[in-house]
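Enquirer: The structure follows.
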Amino acid sequence: MISNAQIVATIGPATKEKEMIKQLAEHQMDVVRLNFSWGTYEEHAQYIKNIREVSKELNKRIPIIQDLSGPRVQGKGEHHFENGAIEVITSKDLADLKFGLSEGVDYVAMSFVGGAEDILELRAKMENFGKVVPIIAKIERKIALDNIDEIIKVTNAIMIARGDLGNEIPLEQIPFVEKEIIEKCKLAGKPVIVATQMMYSMIDSLIPTRAEMTDIVYAIMSGADAVMLSEESASGKHPLEVVEMMEKEIVESEKHLKDFKVNSL
């Protein structure tokens, strides 16, 4: 059985080969995310080439999301928002954006969105490059929560990026913020993705925790249009198994939903 809600899988060192991407797509990977906080243009170009070839071979549309870094401070595999950053769109983002648009990405995810004006500015930058694609606003700052209604109005989709968001608000508030944003997106008819640590234990383990399975159910039952894998599929030991397990849980969740409408990417 195939789910209605979509699975977004991040492609990285563990899933870079064309055959692996094909297997992921055959096991209901619906959308691909490329994280431009890591990797070279040469690597990302090869990912895109492999994804497009698989899409053609399977006769399956596989949208590609280019996830821009934003003003991010990195170290020892972790990252966080650069406090005091004035511009949300960095010079690196502009170079990456130019590359991504030239390679034909389908969506651009904007990190550390603060308000509607950030989305409008990114769209203007795209116009300068001669190509405009849909924008996914990543909600990961307290100020974005304060401006969520205005952001939803001007963006094409929303990603609830719970990792960085958990650095800005108390962790115990995350589930309630998630539910509220999903409800607002459903009313607006905008796709909403729930992201970060959904199957985190499966970076190493073949079996997810019961809490992770419940997390997926909560997201789907709340109305999420897509759920996302980050390190689990990009660098984890069991990328195929994690996609298979996520698909099973989405399908099971949807059995308990009535009149479930998905705003697909």
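Each reported figure results from applying straightforward, stated rules to the coordinates on display, with no laboratory input. Owing to the predicted nature of the structure, the values given are computational and were not obtained by experimental measurement. Cβ: placed from backbone, ideal geometry, glycine included. Neighbour counts: every protein chain shown.
Enquirer: Could you work out the relative contact order of the chain, using alpha carbon pairs under 8 angstrom and six or more residues apart, expressed as a whole percent?
Expert: 23
Enquirer: Want the number for Arg61 to Thr209: 0.36 nm per residue separation, take away the alpha-carbon distance, what's left?
Expert: Roughly 50.2 nm would be gained on extension.
Enquirer: Suppose only helical runs count, i.e. DSSP H with n ≥ 4. What mean residue ellipticity at 222 nm does that imply for the chain under -39500 (n - 2.57) per run, divided by all residues and rounded to the nearest 500 deg cm²/dmol?
Expert: Working: 11 runs with 117 residues, N = 265.
-13000 deg cm²/dmol, from helical runs alone.
Enquirer: Distance cut-off 20 Å, Cα to Cα: go down the list Lys98/Lys131; Lys16/Lys138; Lys18/Lys131 and report the pairs above it. All intermediate terms of the calculation are to be shown ahead of the outcome.
Expert: Numbers: Lys98/Lys131 9 Å; Lys16/Lys138 24 Å; Lys18/Lys131 27 Å.
From the list (Lys98/Lys131; Lys16/Lys138; Lys18/Lys131), the Cα-Cα distance tops 20 Å for Lys16/Lys138; Lys18/Lys131.
Enquirer: Can I ask one more? Please state the shape class of the stretch 165-265: rounded when a/c is under 1.5, otherwise prolate if a/b exceeds b/c and oblate if not, all from the C-alpha gyration tensor.
Expert: Cα axes put the stretch 165-265 in the oblate bin.
Enquirer: Given R₀ = 41 Å, what would the calculated FRET efficiency be for His256 paired with Ala45, taking r from the Cβ atoms and rounding to 0.05? Write down the numbers at each step before the final one.
Expert: Details: r = 42 Å, r/R0 = 1.02.
So, using R0 = 41 Å, E works out to roughly 0.45.
Enquirer: Now a separate question. How do Leu229, Leu206 line up, fewest other C-beta atoms within 10 Å first?
Expert: The fewest-first ordering by Cβ neighbours comes to Leu206, Leu229.
Enquirer: Would you work out the relative contact order for the stretch 156-220, in percent, from Cα pairs under 8 angstrom that are 6 or more residues apart? Numbers along the way, then the final one.
Expert: On the way: 52 pairs, mean separation 23.5, N = 65.
Relative contact order here is 36 percent.
Enquirer: With labels modelled as points extended 7 Å from the Cα through the Cβ direction, what inter-label distance (nm, one decimal) is found for Lys92 paired with Glu19?
Expert: The answer from the label model is 3.4 nm.
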